[in-house]
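In what follows, a structure is listed as structure tokens, so that the remarks can point back to it.
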Amino acid sequence: MAARFKNYFFYACAIFLVTSAALYITDNKYIPYIYAVSGAGVAVAYLSNPYRGNNLRLKRLNIQQSIAAILLPVSSYLMFQKRNEWIAALFVSAILQLYVAIISRRTEK
């Protein structure tokens, strides 16, 4: 995938993911499907971008980012099961992604 397309794909999926998570309360029957597709898209965007360097800290952060990406389809599954634990899985994924973004930006300087 071209880097530009991958970025646009990630941004579109992330917007749909946040919107569908917020609109879940409306009890629309299509919202879990939108969430599932966009969560899978964000996971694919993260998992298709491995770290190939020698920095051990960035390798560890990439593993944490992969765990956060795997938690998105897990939360989608829980959403389809009508279990409220999907919120916890989404929260843990968001916290991991935020941590990785802050620390990796600090490490790259």
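Miscellaneous remarks
- Note on segment 11-29: among residues that are in a helix (DSSP H, G or I) and of a type outside the set (A, V, I, L, M, F, W, C), the one that is surrounded by the most Cβ atoms within 10 Å (Cβ to Cβ) is S20.
- Qualifying residue in segment 49-57 (condition: farther than 19 Å from I15 by Cα and either hydrophobic (A, V, I, L, M, F, W, C) or modelled with pLDDT of 95 or more (or both)): yes
- Checking each residue in segment 1-10 for being in a helix (DSSP H, G or I), touching a helix residue (DSSP H, G or I) at 6+ places or on another chain (Cβ under 9 Å) and loosely packed, with under 14 Cβ neighbours inside 10 Å picks out only N7.
- Within segment 20-36, residues that are free of Cβ contacts under 8 Å to residues at least 40 places away in the same chain have Cβ atoms under 8 Å from residues that are assigned to a helix (DSSP H, G or I) and of a type in the set (G, A, S) in these pairs: S20/S38; I31/S20; I34/S20, counting only partners at least 6 apart in sequence or on another chain.
- Among the helices (runs of 4 or more DSSP H) confined to segment 30-109, the ones with at least 1 residues that are surrounded by 15 or more Cβ atoms within 10 Å (Cβ to Cβ) and in contact with a Phe, Trp or Tyr (Cβ under 6 Å, 6 or more places away or on another chain) are located at 31-47, 56-80.
- Taking each residue of segment 83-96 that is in contact (Cβ under 8 Å) with a residue 40 or more places away in the chain and within 14 Å of A22 (Cα to Cα) and looking for partners that are surrounded by 13 or more Cβ atoms within 10 Å (Cβ to Cβ) and not aliphatic (A, V, I, L, M) with beta-carbon atoms closer than 8 Å, six or more apart or interchain, yields L90/S75.
- Subset of segment 44-92 (residues that are in contact with a Gly (Cβ under 8 Å, 6 or more places away or on another chain) and hydroxyl-bearing (S, T, Y)): S75, S76
- K6 being of a type outside the set (A, V, I, L, M, F, W, C) and in contact with a Phe, Trp or Tyr (Cβ under 7 Å, 6 or more places away or on another chain): no
- Meets criteria (under 28 Å from A2 (Cα atoms), modelled with pLDDT of 95 or more and within 11 Å of the chain's Cα centre (by Cα)) for S75: no
The values are calculated or read from the model by the stated rules, or taken from the named source; none is laboratory data. This is a predicted model, so every value here is computed, not measured. With ideal geometry, Cβ positions are generated from the backbone for all residues, glycine too; neighbour counts draw on all protein chains shown.
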